[in-house]
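Notes to accompany the following structure.
The values are calculated or read from the model by the stated rules, or taken from the named source; none is laboratory data. Worth saying up front: this structure is predicted, and the values here are computed from it rather than measured. Please note: Cβ atoms are built from the backbone with ideal geometry, for glycine as well, and neighbour counts cover all protein chains shown.
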Amino acid sequence: MLRIPAAAVAGCVVLGLSAPAAMATDGSSLIATVSPKTAKPGATVILTLRSCEDPSQGGIAEGALIGGETTARSPIGITELKPDATGEYPAGTLVGITNINEHAKRGTTERIYMACASNPNGAVETTVTIAP
């Protein structure tokens, strides 16, 4: 299983938000989104990652470790990103569907990290707001 290196995560920078999805890039050509950008605990969100060197390899998304000697993550668990088969997104887009964890703290903005399997050190960060 692909894990996003801590050093790559630490270097990520959020560049902006756009409705209805939060969008960010790591300064390269990667673009990550979460839709909707505001969601309640338990709600389904769609994650997208564009501009991977080789999208056929897929990718991964994950939230930050909660801590306390647990491997749980917030606001999402580890989510596989796969090439879009629907044609709904631009060619080469990776897509993952996941739920916001029930324990996500309401009223906060939480980070989600995404990386391409073809470049696991090039993680990008985006955010989702947990509805009050």
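Structure values in brief
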| quantity | calculated |
| --- | --- |
| Hey, ALA91 touching a Pro at 6+ places or on another chain (Cβ under 9 Å) and either among the hydrophobic types (A, V, I, L, M, F, W, C) or surrounded by fewer than 19 Cβ atoms within 10 Å (Cβ to Cβ) (or both) or not | yes |
| Tally of residues being modelled with pLDDT of 95 or more, surrounded by fewer than 22 Cβ atoms within 10 Å (Cβ to Cβ) and either part of a loop (DSSP other than H, G, I, E, B) or of a type in the set (Phe, Trp, Tyr) (or both) across segment 107-120 | 3 |
| Top-ranked residue in segment 97-132 [being more than 16 Å from ALA64 (Cα to Cα) and without any contact (Cβ under 8 Å) to a residue 40 or more places away in the chain; ranked as farthest from the chain's Cα centre (by Cα)] | PRO132 |
| From the options ILE46, ILE76, ILE60, residue that is under 15 Å from the mean Cα position of the chain (by Cα), more than 20 Å from SER29 (Cβ to Cβ) and surrounded by 18 or more Cβ atoms within 10 Å (Cβ to Cβ) | ILE76 |
